[in-house]
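Visitor: I have a structure here, written as structure tokens, and I will follow up with some questions on it.
The values are calculated or read from the model by the stated rules, or taken from the named source; none is laboratory data. Values in this document were obtained by computation on a predicted structure and should not be read as measured data. So basically every Cβ, Gly included, is an ideal-geometry build from the backbone, and we count neighbours across all protein chains shown. Quick note on the areas: whole protein, heavy atoms, side chains included, nothing else; ligands and nucleic acids left out. Shrake-Rupley method; radii C 1.70, N 1.55, O 1.52, S 1.80 Å.
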Protein chains: 2
Amino acid sequence: MAEDNRLSEDDVMLADAPVQTESEELAKPDDRIDDERHDEENRLKPEYIRSVRDALEARDNNAVYDIVEPLHPADIADLLELLERDERARLAASITDLMSSDVIAELNDFVREEMMEALEPEAVATIVEQLETDDAVQLIEDLDEDDQQAVLAEVEAEDRVAIESALAYPEETAGRLMNREFVAVPEHLTVGDLIDYLREEGDLANEFYEVFVVDHMHRPVGTCALNWILTTPRAIKLTDVMKRDQTLIPATMDQEELGLMFEKYALISAAVVDESGRLVGQMTVDDVLHIIAEEAGEDALLLSGAGDGDINEPIREAYGSRVRWLIANLGTALVGSAIIAAFGAAIEKLVALAVLMPIVASIGGNAGTQTMAVAVRAIATNQLTRANTWRIVWKELRVALLNGVTIAVLIGIGTAAIFTPQLGVVIALAMVINIIVSGMAGVLVPVIFERLKQDPAVASSVFVTMITDSMGFFAFLGLAVASGLA
Amino acid sequence: MAEDNRLSEDDVMLADAPVQTESEELAKPDDRIDDERHDEENRLKPEYIRSVRDALEARDNNAVYDIVEPLHPADIADLLELLERDERARLAASITDLMSSDVIAELNDFVREEMMEALEPEAVATIVEQLETDDAVQLIEDLDEDDQQAVLAEVEAEDRVAIESALAYPEETAGRLMNREFVAVPEHLTVGDLIDYLREEGDLANEFYEVFVVDHMHRPVGTCALNWILTTPRAIKLTDVMKRDQTLIPATMDQEELGLMFEKYALISAAVVDESGRLVGQMTVDDVLHIIAEEAGEDALLLSGAGDGDINEPIREAYGSRVRWLIANLGTALVGSAIIAAFGAAIEKLVALAVLMPIVASIGGNAGTQTMAVAVRAIATNQLTRANTWRIVWKELRVALLNGVTIAVLIGIGTAAIFTPQLGVVIALAMVINIIVSGMAGVLVPVIFERLKQDPAVASSVFVTMITDSMGFFAFLGLAVASGLA
């Protein structure tokens with residue numbers, strides 16, 4: 001290696017070696033933010049969308065192309081999502097050579113499905129062959145069984161085998177999601193061997209952040225981050241720089257668990273192994289980002305009974321998933337009504353009870369929802385386990401007591417002033433009882449569902465609401481009758 | 001470079017070159033899953049926690065150390081979170097040399113804050129000096145002003161300057177969160193120059209996935225992923241392999257936006273620039289994973305009025321953030337009560353109205369919450385913008401109509417059977433009206449808050465609930481009176 005080829009240290013600027021500059025002379029950075037097409041939150045501007053729409057309307061394909069051409073593939077995907085259904089097809093037809101695999105991969109599932117359904121199987125197959133396996137699988141798994149077969153029949157044998165082996169794993173598992181392209185090398189190499197090999201081999205995975213070291217059975221024995229390879233002398237053996245302790249992802253692992261592993265251990269990529277421990281793929285963090293965002297955002301939607309809750313979800317599917325929960329809630333609302341009906345005579349005597357009872361139920365419902373949201377997030381992020389359940393229940397009990405007393409004092413005084421002091425005492429007591437019951441239900445219902453191996457985010461809401469409503473009506477009306485008020 | 005030093009291609013195993021193996025002989029992978037300390041979801045087992053507790057109870061420091069020593073730092077952080085407050089201090093004291101900066105960095109904010117408050121400023125300063133700047137900032141920003149000053153006074157000048165410059169940026173911006181260690185090189189280098197430099201320089205950033213190429217003003221002009229450097233011949237110029245089009249993060253960018261940028265453009269790391277366009281730091285994806293999970297999970301908590309909603313939040317803070325929303329909801333519940341009170345005479349005449357009115361309000365509330373959760377997620381992920389608002393409103397109107405008619409038929413028939421056909425018609429009509437109003441409120445309220453530059457997740461709930469409750473009572477009781485029923 002020629003000495004004169006080397007760089008003097010002074011030539012290299014590092015973070016802690018600031019450079020003298022005159023800030024007046026500096027241009028704006030050439031970035032993707034605050035350009036003429038994006039607003040300050042990096043969304044495509046309405047005026048930009050309008051210009052695309054106008055060009056589509058005028059059937060001016062060249063104008064459409066010129067307007068869309070500067071966009072990043074992820075922004076073209078956003079643009080397609082923002083347009084109407086018929087505009088999407090026309091846009092795709094106007095910019096065929098910009099409709100890269102990256103655009104397809106970045107599209108919202110529902111929009112992609114809709115666009116693919118409009119294409120012939122041969123056209124879909126052509127797209128599939130351009131995609132990386134993981135993106136191809138994502139596209140194909142959304143199609144119905146017949147379309148899947150029709151498309152796969154048109155795909156080249158090699159790609160078809162890879163896609164079919166991915167489809168053999170259940171949806172949302174590492175085996176489905178993993179990338180089948182990765183770099184694995186045997187244990188006896190030196191750093192120099194590895195670098196030479198990487199330079200010579202033309203057909204490497206597009207994205208890799210670590211090189212997996214495997215034994216003769218193709219089982220991972222260690223991993224080398226690329227920055228260690230770059231900063232280590234050529235003669236050092238890989239086994240001397242590699243990290244032996246690595247996180248291996250079983251191919252059957254669910255994506256939620258996968259996301260938590262990446263987050264917990266700050267992973268950039270990880271080896272996926274089959275049941276016999278052999279390396280079969282890698283998960284890279286760029287794919288996991290979507291998973292983490294999806295899984296974490298899902299709770300808000302599930303808790304509210306909004307199903308997939310995607311604004312691009314077709315009306316029929318949105319109706320189907322939401323109406324089920326409304327019907328379930330209708331059932332639980334009837335429980336509350338039955339309790340009110342039992343106190344019909346009391347309400348006839350004192351109509352103030354009918355006026356005030358929804359307040360008790362409503363605030364209880366809010367208190368229950370607060371606790372439930374906290375518990376569901378804590379369970380989803382593995383923070384609430386058997387080891388600390390009772391400590392958390394005890395904590396929530398004290399919070400509920402504080403909340404209950406505060407609200408009870410407010411509503412009690414107000415009611416005493418407007419109606420009677422006795423009714424003020426009754427509603428205050430009912431409020432304390434209901435907020436405590438709600439707080440307990442908010443933590444215990446999700447915990448019980450978790451122990452029963454059910455997703456607490458899906459089913460807890462209906463039960464917590466039923467408990468808070470019923471207890472609200474029962475405590476208030478029951479106390480009113482018991483105290484001789486009505 | 002010696003030819004004989006090279007690796008023959010047959011020596012290297014790639015993904016698509018499977019190795020002959022006999023699966024009977026294979027051992028289990030040496031991973032972190034399914035070991036004796038973790039359950040199938042990678043949570044620490046209750047029995048393991050119990051063994052730690054027992055050893056702490058017995059004041060047997062050696063036993064504690066032996067039990068905890070095999071854990072990954074992120075698992076030690078989990079363990080501390082799962083223990084009681086007094087156990088945490090005792091555990092930390094028993095395993096001082098395992099309490100690495102990685103453990104501190106991985107700790108839940110509230111738990112870290114509590115543990116730091118128990119330490120002297122000198123002890124905290126010692127920990128701060130071991131941490132990377134971004135983790136040190138995270139630790140210090142949670143302390144109160146006096147403690148911050150006391151700790152900073154004990155920290156070495158160089159670290160102090162870095163931390164103070166980070167603290168000068170607002171919380172949750174790139175300037176606070178970024179890592180100040182990164183690798184930047186001038187434009188004239190070749191790939192070989194760069195590799196030699198990286199090998200010689202001992203004091204490089206611990207984590208880097210790309211090398212930033214900067215001009216003489218220290219402004220980024222391009223970026224080289226490490227895998228391109230490794231797969232490119234030495235003689236090639238950096239300017240010929242680098243990607244010129246890169247995503248630059250302004251130091252003032254909010255973390256929510258930052259997370260969306262990483263997700264949208266599938267970034268592993270990105271350059272952070274100051275207002276004059278100079279490179280001042282980098283954000284790496286491992287830190288962004290936490291941000292994405294936090295921001296996406298936050299919506300469920302904010303929508304339910306649970307504030308930070310962390311199970312480790314101290315009781316006083318949890319009470320403070322939650323009771324505010326309960327009081328706000330008390331205010332909105334009073335609006336509903338006022339409407340009921342206006343129809344007091346009707347209820348006295350027909351007590352069935354009091355029995356049924358909560359159903360109309362409750363199902364409307366559910367329908368509104370569903371739509372609101374979908375709209376809030378779509379706004380947070382930049383999917384619902386000015387460009388498609390009316391299309392989404394129109395879609396939600398149709399979903400609401402379908403839901404409304406379905407529920408109206410069910411409740412209408414039931415009410416007709418139990419009470420009177422006329423009351424069945426009244427409740428069915430009221431239900432359709434309320435579900436449509438709720439669906440519209442669910443999408444329009446968050447959209448309006450967004451346009452007013454308010455976080456839709458924070459404030460929408462109270463307003464949507466008020467609208468659905470009031471409209472439920474008003475439509476039902478109003479129609480009952482108008483139809484001459486009461």
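Visitor: Check each of the GluC sites (Glu not before Pro) in the range A:63-95 and keep only those in coil by DSSP with at most 16 other C-beta atoms within 10 angstrom; list them in order. Intermediate results must be reported in sequence, preceding the final value.
Guide: On the way: sites: A:E81, A:E84, A:E87; in loops: A:E84.
Passing both the DSSP loop test and the Cβ count: A:E84.
Visitor: Between the chain alone and the structure with every protein chain in place, find the residues of the range A:390-417 that drop at least 30 Å² of accessible area; heavy atoms, 1.4 Å probe.
Guide: Residues meeting the cut-off: A:R391, A:I392, A:K395, A:V399, A:L402, A:N403, A:T406, A:I407, A:L410.
Visitor: Mind listing the label-point distances from A:A153 to the same position on all other copies, shortest first, one decimal in nm, points 7 Å along Cα→Cβ?
Guide: Copy-to-copy label distances for A:A153: 8.1 nm.
Visitor: How much of A:L91 can a 1.4 Å solvent probe reach, expressed as accessible area in Å² and rounded to 10?
Guide: Surface open to solvent at A:L91 totals about 0 Å².
Visitor: How much of A:L350 can a 1.4 Å solvent probe reach, expressed as accessible area in Å² and rounded to 10?
Guide: Rounded to the nearest 10, that gives 50 Å².
Visitor: Also, quick follow-up: Please give the per residue volume of the convex hull enclosing the alpha carbon atoms of the range B:184-286, rounded to a whole number of Å³.
Guide: Spelled out: Cα convex hull of the range B:184-286, divided by residues, is 100 Å³.
Visitor: Please give the calculated 222 nm ellipticity per residue for chain B, where each DSSP H segment of at least 4 residues contributes -39500 (n - 2.57) and the sum is spread over every residue; nearest 500 deg cm²/dmol?
Guide: Calculated mean residue ellipticity at 222 nm is -19500 deg cm²/dmol.
Visitor: Which residues, if any, in the range A:326-348 lose at least 50 square angstrom of accessible heavy-atom surface (probe 1.4 Å) when the other protein chains sit next to their chain rather than the chain being alone?
Guide: Listed by number, the residues meeting the 50 Å² cut-off are A:L326, A:L330, A:S337, A:E348.
Visitor: Please give the helix A:85-94 orientation as an angle from the longest Cα principal axis of chain A, in degrees from 0 to 90, rounded to the nearest 10.
Guide: 10
Visitor: Could you rank A:M466, B:M217 by how accessible they are, 1.4 Å probe, largest area first? Spell out each step's value before the answer.
Guide: On the way: A:M466 55, B:M217 15 Å².
Descending accessible area places them as A:M466, B:M217.
Visitor: Hey, for B:R50 with labels 7 Å out along Cα-Cβ, what do the inter-copy distances come to in nm, ordered shortest first?
Guide: Sorted ascending, the copy-to-copy spacings read 6.8 nm.
Visitor: Can you give the relative contact order of chain B as a percent, counting alpha carbon pairs under 8 Å and 6+ residues apart?
Guide: Numbers: 599 pairs, mean separation 47.5, N = 486.
Over chain B, the number comes to 10 percent.
Visitor: Distance between the C-alpha centers of the range A:123-142 and the range A:377-401? Whole Å please.
Guide: Taking the Cα centre of each part, the range A:123-142 and the range A:377-401 sit 43 Å apart.
Visitor: Quick check on chain A: take the gyration tensor over C-alpha atoms, sort the square-rooted eigenvalues as a ≥ b ≥ c, and tell me if it's rounded (a/c under 1.5), prolate or oblate. Please report the intermediate quantities before stating the final value.
Guide: Values: a/c = 2.12, a/b = 1.78, b/c = 1.19.
Prolate.
Visitor: Taking only protein heavy atoms into account and a 1.4 Å probe, give the accessible area per residue of the range B:46-168 in Å². Intermediate values should be presented prior to the final figure.
Guide: Numbers: 5750 Å² over 123 residues.
Accessible surface, normalised per residue, equals 47 Å².
Visitor: If we hang a label 7 Å off Cα along the beta carbon direction at B:D66, how far is it from the matching labels on the other copies, in nm, shortest first?
Guide: The answer, with the shortest distance listed first, is 7.9 nm.
Visitor: Still on this structure, I have one more. List every residue whose amide H lies under 5 Å from the amide H of A:H38, counting only residues 5 or more places away in sequence or on a different chain, with H placed 1.01 Å from N in the peptide plane.
Guide: The list, which skips near neighbours in sequence, is A:K45.
Visitor: Separate question: How big is the gap, in Å, between the Cα center of the range B:443-479 and the Cα center of the range B:175-209?
Guide: Taking the Cα centre of the range B:175-209 as reference, the centre of the range B:443-479 is 52 Å away.
Visitor: Sticking with this one: Once amide H atoms are placed 1.01 Å from N in the peptide plane, what residues at a sequence separation of 5 or more from B:T247, or on another chain, have their amide H within under 5 Å of its amide H?
Guide: Here the answer is none, since no amide H 5 or more places off falls under 5 Å of that of B:T247.
Visitor: Given B:V52, B:L429, B:L303, which one lies farthest toward the positive end of the charge dipole of chain B, if we put +1 on the Cβ of every Lys and Arg and -1 on the Cβ of every Asp and Glu?
Guide: Result: B:L429.
Visitor: Here's another thing I want to ask about it. Can you list the GluC sites (Glu not before Pro) in the range A:131-168 that are in a DSSP coil and have 13 or fewer other beta carbons within 10 angstrom? Write down the numbers at each step before the final one.
Guide: Values: sites: A:E132, A:E141, A:E145, A:E154, A:E156, A:E158, A:E164; in loops: A:E132, A:E156.
Answer in residue order: A:E156.
Visitor: Under 5 Å between amide hydrogens, which residues at least 5 positions from B:V214 or on another chain qualify, with H placed 1.01 Å from N in the peptide plane?
Guide: Amide H neighbours of B:V214, under 5 Å, 5+ apart: B:V185, B:E187, B:V221.
Visitor: Another question about this same structure. Rounded to the nearest 100 Å², what is the sum over both chains of accessible area buried where B meets A, with a probe of 1.4 Å? Please report the intermediate quantities before stating the final value.
Guide: Values: alone 27390 and 27410 Å², together 38960 Å².
Answer for the B-A pair: about 15800 Å² buried.
Visitor: Across chain B, where is the longest run that never hits trypsin sites (Lys or Arg not before Pro) in a DSSP loop with at most 13 other C-beta atoms within 10 Å?
Guide: On the way: sites that count: B:R59, B:R244, B:K453.
Longest stretch, sites excluded: B:245-452.
Visitor: Hey, what angle do you get for helix A:421-451 against the long axis of chain A, alpha-carbon based, 0 to 90 degrees rounded to 10?
Guide: So the inclination is approximately 30 degrees.
Visitor: Using each residue's phi in the range A:193-208, evaluate 6.51 cos²θ - 1.76 cosθ + 1.60 at θ = phi - 60° and report the 3J(HN,Hα) Karplus result to the nearest Hz, with x for Gly and Pro.
Guide: 3, 4, 4, 4, 4, 4, 5, 7, 6, x, 9, 8, 4, 5, 10, 8
Visitor: Additional query: Out of A:T332, B:I339, A:A459, whose Cα points farthest toward the positive end of the dipole of the protein assembly as shown (charges: +1 Lys, Arg; -1 Asp, Glu; placed on Cβ)?
Guide: B:I339
Visitor: Next question. Give me the one-decimal nm value for the distance between modelled label points at B:E172 and B:D142, 7 Å along each residue's Cα-to-Cβ direction.
Guide: Inter-label distance under the simple model: 1.7 nm.
Visitor: A:E187 accessible area, nearest 10 Å², 1.4 Å probe?
Guide: Near enough 70 Å² of accessible area.
Visitor: Probe of 1.4 angstrom, ligands and nucleic acids ignored: what's the accessible area per residue over the range A:315-483, in square angstrom? Kindly include the intermediate steps, with their values, before the conclusion.
Guide: Numbers: 6150 Å² over 169 residues.
For the range A:315-483, the solvent-accessible area averages 36 Å² per residue.
Visitor: Which GluC sites (Glu not before Pro) in the range B:197-270 sit in a loop by DSSP (not H, G, I, E or B) and have at most 16 other Cβ atoms within 10 Å of their own Cβ?
Guide: Working: sites: B:E200, B:E201, B:E207, B:E210, B:E256, B:E257, B:E263; in loops: B:E201, B:E207.
Passing both the DSSP loop test and the Cβ count: B:E201.
Visitor: Taking +1 at the Cβ of each Lys and Arg and -1 at the Cβ of each Asp and Glu, which of A:T239, A:L479, A:L198 sits farthest along the dipole of chain A towards its positive end, judged by Cα position relative to the Cα centre?
Guide: A:L479
Visitor: Mind listing the phi-derived Karplus ³J(HN,Hα) values for the range B:379-387, rounded to whole Hz, using 6.51, -1.76 and 1.60 with θ = phi - 60°, and x for any glycine or proline?
Guide: 5, 5, 9, 6, 8, 10, 10, 4, 5
Visitor: Just how large is the dipole of the range A:184-286 about the Cα centre, in debye to the nearest 20, putting +1 at every Lys and Arg Cβ and -1 at every Asp and Glu Cβ? Please list the in-between numbers first.
Guide: Working: 8 positive and 18 negative charges, 86 e Å.
Its charge dipole is roughly 420 debye.
Visitor: Using Cα atoms only, what is the angle between the long axis of helix B:456-482 and the major principal axis of chain B, expressed in degrees (0 to 90) to the nearest 10?
Guide: The helix B:456-482 is inclined about 10 degrees to chain B.
Visitor: Per residue, how much accessible area does the range A:184-286 have with a 1.4 Å probe, in Å²?
Guide: On the way: 3160 Å² over 103 residues.
With all protein chains present, the range A:184-286 gives 31 Å² per residue.
Visitor: Further question on the same structure: Give me the percent of the accessible area of the protein assembly as shown that comes from carbon and sulfur atoms, probe 1.4 Å, all protein chains in place. Provide the component values of the computation, followed by the final result.
Guide: Values: 20590 of 38960 Å².
So the carbon and sulfur contribution to the accessible surface is 53 percent.
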